[in-house]
Amino acid sequence: MTMPASGASPVLEARDLQKRFGDRVAVDGVGFTIAPGETYGLLGPNGAGKTTTISMICGILARDGGTVSVAGQPVDVGTPAAKATIGYVPQDLAIYPDLTARENLSFFARLYGLKRTDAKARIDDVLEVVGLADRAGDRTDQYSGGMKRRLNIAIGLLHRPQLLVLDEPTVGVDPQSRNAILESVEALGREGMAILYTTHYMEEAERLCHRVGIIDTGKIRAEGTRRELVAMVGQRDKVKLSATGDLGAAAQTLAREPGVADATANENGLELIVDDARGLLPRLLQAAADAGLTVSTVEVVEPDLEAVFLHLTGRALRD
């Protein structure tokens with residue numbers, strides 16, 4: 001995954017967001033920034049405060065405290081011009097089942113104020129982005145759940161927003177449609193769009209997001225790249241080498257390699273605890289060969305965000 005260029009002004013700046021519903025604190029001091037071309041993930045279980053946070057960011061829900069700006073413009077419930085910089089794709093489908101995909105997009109293009117000539121070209125563009133160009137003339141009540149969600153994303157892209165906000169866009173869809181949605185999000189990020197992506201699927205956050213904010217009970221518990229989050233809680237990579245030779249001597253040799261925290265021999269080969277398996281692997285394999293080992297298989301186990309979430313909150317992500 002290519003990181004966005006550093007030094008660019010943030011597209012989104014959210015600071016110290018607060019929201020209460022009666023006695024319950026739903027969001028408590030949440031804040032983060034998103035740069036052009038960056039996909040930022042809000043990772044947390046249902047009820048963690050993800051949807052409330054993005055509703056305040058999009059100016060749909062009045063906040064009790066904090067500030068939001070997108071592309072340098074303050075955003076609140078009463079700022080329609082600033083809201084036009086945002087493409088919001090909610091969990092709930094916002095499409096008309098008795099219209100075709102193209103008719104749905106034409107309707108929303110008029111709501112966005114797009115001129116007829118511009119709208120036609122833009123509709124063709126977004127249909128290609130979400131992979132629905134060949135089904136544009138079909139009524140959407142004939143669509144699968146995944147296709148409807150892809151059309152939902154197309155609607156959010158029509159007016160060329162600077163920030164795209166996706167709230168759990170793959171919930172309840174089949175694996176093929178999920179992959180199509182993730183590929184579309186990846187392509188948009190490569191084209192320079194700033195994306196805020198909420199999910200409770202750890203594997204989606206790891207695949208898509210340059211940085212992740214782990215949110216639970218309305219607070220950001222930690223934030224960073226996957227590697228930074230893993231390092232924050234002291235997790236390291238594991239490398240398993242199936243090998244033959246003098247395993248004990250090889251383990252002692254590899255334990256002295258920079259970046260190797262531990263090396264132990266077992267009946268099948270070696271198990272290494274390292275700081276950066278993918279970066280160290282070529283050197284480790286060369287060192288194993290120099291130590292007289294014949295390596296047959298290599299397995300790399302990297303700690304994931306599920307482990308980080310469990311460490312920070314004391315419970316699994318889907319609890």
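The values are calculated or read from the model by the stated rules, or taken from the named source; none is laboratory data. For clarity, every value in this text was computed on a predicted model and none was experimentally measured. A quick note on method: Cβ atoms are made from the backbone with ideal geometry, for glycine too, and the neighbour counts reach across all protein chains shown.
Which residues, taken from the stretch 181-203, are in a helix (DSSP H, G or I), modelled with pLDDT of 90 or more and not hydroxyl-bearing (Ser, Thr, Tyr)?
If the condition is that a residue be in a helix (DSSP H, G or I), modelled with pLDDT of 90 or more and not hydroxyl-bearing (Ser, Thr, Tyr), then Ile181, Leu182, Glu183, Val185, Glu186, Ala187, Leu188, Gly189, Arg190 are the ones that fit.
Would it be correct to say that Arg149 is under 19 Å from the mean Cα position of the chain (by Cα) and either in the same structural domain as Ile34 (by TED's automatic domain parsing) or closer than 26 Å to Leu99 by Cβ (or both)?
Considered against the rule, which asks whether it is under 19 Å from the mean Cα position of the chain (by Cα) and either in the same structural domain as Ile34 (by TED's automatic domain parsing) or closer than 26 Å to Leu99 by Cβ (or both), Arg149 comes out as yes.
I need the full set of residues from the stretch 78-112 which are in contact (Cβ under 8 Å) with a residue 40 or more places away in the chain and of a type in the set (Gly, Ala, Ser), in order please.
Of everything in the stretch 78-112, those that are in contact (Cβ under 8 Å) with a residue 40 or more places away in the chain and of a type in the set (Gly, Ala, Ser) turn out to be Ala84, Gly87, Ala94, Ala101, Ala109.
Please pick out the residue among Arg227, Arg221 that is at pLDDT below 95, touching a helix residue (DSSP H, G or I) at 6+ places or on another chain (Cβ under 6 Å) and assigned by TED's automatic domain parsing to the domain that holds Ala205.
It is Arg221.
Are there any pairs, at least 6 apart or on different chains, whose C-beta atoms fall under 6 Å, with the first in the stretch 58-76 and in the same structural domain as Thr33 (by TED's automatic domain parsing) and the second in a strand (DSSP E or B) and surrounded by fewer than 20 Cβ atoms within 10 Å (Cβ to Cβ), and if so, which?
Asp64/Gln18; Asp64/Arg20; Gly65/Gln18; Gly66/Arg15; Gly66/Asp16; Gly66/Gln18; Thr67/Arg15; Ser69/Glu13
Is there a residue being part of a loop (DSSP other than H, G, I, E, B), free of Cβ contacts under 8 Å to residues at least 60 places away in the same chain and surrounded by fewer than 18 Cβ atoms within 10 Å (Cβ to Cβ) anywhere in the stretch 259-267?
First, the residues of the stretch 259-267 that are part of a loop (DSSP other than H, G, I, E, B): 259, 267.
Imposing the further condition that a residue be free of Cβ contacts under 8 Å to residues at least 60 places away in the same chain reduces the set to 259, 267.
Restricting the remaining residues to those that are surrounded by fewer than 18 Cβ atoms within 10 Å (Cβ to Cβ) gives 259, 267.
Within the stretch 259-267 (the criterion being part of a loop (DSSP other than H, G, I, E, B), free of Cβ contacts under 8 Å to residues at least 60 places away in the same chain and surrounded by fewer than 18 Cβ atoms within 10 Å (Cβ to Cβ)), the answer is yes, since at least one residue qualifies.
Is there a residue being in contact with a strand residue (DSSP E or B) (Cβ under 8 Å, 6 or more places away or on another chain) and in contact (Cβ under 8 Å) with a residue 40 or more places away in the chain anywhere in the stretch 120-140?
Yes: the stretch 120-140 contains one or more residues that are in contact with a strand residue (DSSP E or B) (Cβ under 8 Å, 6 or more places away or on another chain) and in contact (Cβ under 8 Å) with a residue 40 or more places away in the chain.
Anything in the stretch 214-226 that is of a type outside the set (A, V, I, L, M, F, W, C) and over 12 Å from Val27 (Cβ atoms)? List them, or say none.
Answer for the stretch 214-226, where residues must be of a type outside the set (A, V, I, L, M, F, W, C) and over 12 Å from Val27 (Cβ atoms): Arg221, Glu223, Gly224, Thr225, Arg226.
Restricting attention to the stretch 90-134, and to residues there that are of a type in the set (D, E, K, R), modelled with pLDDT of 90 or more and not in a helix (DSSP H, G or I), which single residue is farthest from Met193 (Cα to Cα)?
Checking each candidate, the answer is Asp98.
Any residue that is among the hydroxyl-bearing types (Ser, Thr, Tyr) and out of contact with any Pro (no Cβ under 9 Å at 6 or more places or on another chain) - is there at least one of those in the stretch 66-75?
no
Can we say Val212 is of a type outside the set (D, E, K, R), modelled with pLDDT under 90 and out of contact with any Phe, Trp or Tyr (no Cβ under 6 Å at 6 or more places or on another chain)?
no
Yes/no per residue for (1) among the β-branched types (Val, Ile, Thr); (2) within 21 Å of Leu229 (Cα to Cα); (3) at pLDDT 95 or above:
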residue	(1), (2), (3)
Pro258	no, no, no
Ile273	yes, yes, no
Leu280	no, yes, no
Val301	yes, yes, no
